[in-house]
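The structure appears below as C-alpha cells.
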C-alpha cells in the first residue's frame with residue numbers, strides 16, 4: 001500500500017499527463033473564448049445584434065426575422081462548443097486509456113475537462129453580451145420611461161446617443177451633438193437625406209477626425 005503522499009504525487013502526474021496530451025485543444029478553446037469576450041469589435045457586434053432584435057415592430061414578419069437572426073447568431077457558437085467538447089473528449093479518453101490503474105480523481109478530471117473546454121466559448125459569449133449592455137443614463141427619467149441611451153467613449157471624451165439598430169433612422173440633432181462632444185467634424189458627415197426622399201437615410205454614419 002502506497003503512502004498518501006505517493007498517491008498525491010502519482011495523481012498529479014497523471015493529471016499533467018492528460019493536460020499535456022490535450023494542451024492544443026485547451027489552447028484553442030482559450031483563444032476562441034478570449035475572441036468571443038475581450039475585443040471591443042466583438043462587443044460592438046453584440047450591441048448591433050441586440051439592437052436589431054429589440055427595436056422592431058410587433059408583426060409576424062419581424063418575429064420571423066428575430067428568430068432567424070437569433071438562430072444565425074447562436075448556432076455557430078453552439079457548434080464551436082460541441083466541436084471543442086468532442087475534440088477534448090477524444091484526446092482525454094485516449095490519454096486516460098494509457099494510464100495504468102487511474103485514481104478516482106483522474107477519472108473525474110477526465111470527465112470534466114471536455115465539458116469545461118466546450119462550455120468556455122458559450123460562457124465567454126454570454127459574458128461578452130453582458131458587458132456589451134449600454135450604460136445606464138444619469139438622466140431624470142424613471143425606469144421604463146424615456147429613451148435608451150448608449151455612452152460612447154473616444155480618447156477621454158464621451159457622449160450619450162440613443163440606442164438603435166441598423167433599421168432605425170438617425171436623428172440629425174443627436175448625431176451632430178455626439179460629433180461635437182467627441183471632437184469629430186460634423187461637416188464631414190454624409191447627407192442625412194437624398195433628393196426625392198421624404199424620410200432620412202438609415203444606417204451608420206461616419207465622420208473623420210479633425
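The values are calculated or read from the model by the stated rules, or taken from the named source; none is laboratory data. Keep in mind it's a predicted model, so treat the numbers as computed, not measured. All Cβ positions, even for glycine, are placed from backbone atoms using ideal geometry, and neighbour counts span all protein chains on display.
Those residues that are modelled with pLDDT under 70 and either in a helix (DSSP H, G or I) or touching a strand residue (DSSP E or B) at 6+ places or on another chain (Cβ under 6 Å) (or both), I need them from region 168-186; list them, please. Let's see the steps before the verdict.
Restricting attention to region 168-186, the residues satisfying the condition of being modelled with pLDDT under 70 are 168-170, 186.
Listed by number, the residues that qualify are 169, 186.
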Original post:
Of the residues that make up region 42-56, is at least one outside any loop (DSSP other than H, G, I, E, B), at pLDDT below 80 and loosely packed, with under 14 Cβ neighbours inside 10 Å?
Top reply: yes
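If I ask for residues that are farther than 8 Å from residue 14 by Cβ and touching a helix residue (DSSP H, G or I) at 6+ places or on another chain (Cβ under 7 Å), which ones from region 95-112 would you list?
95, 96, 105, 109, 110
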